[in-house]
Amino acid sequence: QVHLVESGGGLVQAGGSLRLSCAASGSIFSFDAMGWYRQAPGKQRELVAAITSGGSTNYADSVKGRFTISRDNAKNTVYLEMDNLKPEDTGVYYCAAGWLRGSRYEYDSWGQGTLVTVSS
């Protein structure tokens, strides 16, 4: 059973950068995809970035050109590089692992979350 632990969140000014890390207890290639979600208070969780076992990446339109998802298999770690942060990026960020089921990637395992706060 995979265990995911996020780290790297904190308080940053608009325009600044952060790198989030997701450490997995098992191989990240045990899953078809790894993703980063975020959730602001009072809002639903949204997928912001994902990477498949084959290396394909996808991003929410709101973060394209600013965020980069990557992985280090030797360390069983997935990263989210966040540049040019905006106040609307504020929220709790969660790492998730999922499987391709039919035409959809479904995320079944979740970390505890790390808080990112972007000030104006």
Residue 90 versus (1) modelled with pLDDT of 95 or more; (2) touching a Gly at 6+ places or on another chain (Cβ under 7 Å): which is the lone unmet condition?
(2)
Exactly one condition in (1) on the phi < 0 side of the Ramachandran plot; (2) open to solvent by 60 Å² or more (accessible area, probe 1.4 Å) is false for residue 42; which is it?
(1)
Filter region 17-32 for residues that are assigned to a loop (DSSP other than H, G, I, E, B) and of a type in the set (Gly, Ala, Ser); which is modelled with the highest pLDDT?
17
Considering only region 50-68, I want to know if a residue exists there that is crowded, with 18+ Cβ neighbours inside 10 Å, out of contact with any Cys (no Cβ under 8 Å at 6 or more places or on another chain), over 25 Å from residue 3 (Cα atoms) and in contact (Cβ under 8 Å) with a residue 40 or more places away in the chain.
no
Could we say that residue 105 is open to solvent by less than 50 Å² (accessible area, probe 1.4 Å), under 19 Å from residue 2 (Cα atoms) and in contact (Cβ under 8 Å) with a residue 60 or more places away in the chain here?
no
If we keep just the residues of region 33-67 that are touching a helix residue (DSSP H, G or I) at 6+ places or on another chain (Cβ under 8 Å) and of a type in the set (A, V, I, L, M, F, W, C), which is farthest from residue 113 (Cα to Cα)?
63
Those residues that are touching a residue at least 24 places away in the same chain (Cβ under 8 Å) and open to solvent by 40 Å² or more (accessible area, probe 1.4 Å), I need them from region 108-120; list them, please.
110, 112, 115, 117, 119, 120
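Of the residues 73, 84, which is in contact (Cβ under 8 Å) with a residue 40 or more places away in the chain, under 20 Å from residue 2 (Cβ atoms) and open to solvent by 40 Å² or more (accessible area, probe 1.4 Å)? Please lay out each step first, then the result.
On the way: 84 fails: under 20 Å from residue 2 (Cβ atoms).
From the options 73, 84, the qualifying one is 73.
The values are calculated or read from the model by the stated rules, or taken from the named source; none is laboratory data. Source: prediction; values computed, not measured. Because the Cβ atoms are built from the backbone with ideal geometry, glycine has one as well, and the counts that use them run over all protein chains shown. Note: accessible area is taken over every heavy atom of the protein model, side chains too, but ligands, DNA and RNA are not part of it. Shrake-Rupley method; radii C 1.70, N 1.55, O 1.52, S 1.80 Å.
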